[in-house]
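See below for the structure under consideration.
The values are calculated or read from the model by the stated rules, or taken from the named source; none is laboratory data. Remember, it's a predicted structure, so these values are computed and weren't measured experimentally. Don't worry about glycine lacking a Cβ; one is built from the backbone with ideal geometry, like all the others, and counts go over all protein chains shown. These accessible areas exclude ligands, DNA and RNA; they are computed on the full protein's heavy atoms, side chains included. Shrake-Rupley method; radii C 1.70, N 1.55, O 1.52, S 1.80 Å.
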Amino acid sequence: MAKRPAPKKLAKKLAQIRRDLGLSQAELVKALNYKASPLRASQISTFEQGRREPPAMLLLAYARLVGISTDVLIDDKLDLPK
């Protein structure tokens, strides 16, 4: 069975957002205010390491937190704004 395509730069972008905001993983959990399911710092770590892909609604929370489109997160051709 073929593996579905996944954004290659997503993990780095998520980590960069957190670093740019100057937040720890635990602080980011609070800042995201994600209510769809429990979110823990350990999960943020797996997303930033590229071991798991965050759900779409969590990507939306990241995008809203920093005022960007989710397209910027998932499209490898787009970079985070400076």
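How would you classify the chain from its alpha-carbon gyration tensor, with a ≥ b ≥ c the square roots of the eigenvalues: rounded for a/c under 1.5, else prolate if a/b is greater than b/c, otherwise oblate?
Numbers: a/c = 1.58, a/b = 1.20, b/c = 1.32.
Cα axes put the chain in the oblate bin.
Please identify the DSSP H helices in the chain that span no less than 18 Å along the helix axis (Cα) and have a mean Kyte-Doolittle hydropathy of 1.6 or more. Each step should come with its number before you reach the end.
Numbers: long enough: none.
Qualifying helices: none.
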Open item on the list: Exceeding 22 Å between C-alpha atoms, which entries from my cross-link table qualify? They are K8/K30; K12/K82; K30/K77; K35/K82; K12/K35; K9/K30.
Closed with: K8/K30; K30/K77; K35/K82; K12/K35; K9/K30
Open item on the list: Between L59, L23, L14, where does the largest GNM mean-square fluctuation fall for the chain, given springs only between Cα atoms within less than 10 Å?
Closed with: L23
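Note the full-extension length gain between R64 and Q49 as 0.36 nm times their separation in residues minus their Cα-Cα distance, in nm to one decimal.
On the way: separation 15, 0.36 × 15 = 5.40 nm, distance 2.14 nm.
That pair, R64 and Q49, stretches by 3.3 nm at full extension.
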Task: Heavy-atom accessible area per residue - the chain, 1.4 Å, Å² - done: 69
Task: Extreme residue, positive dipole direction of the chain, given options A63, I17, G50 (C-beta unit charges) - done: G50
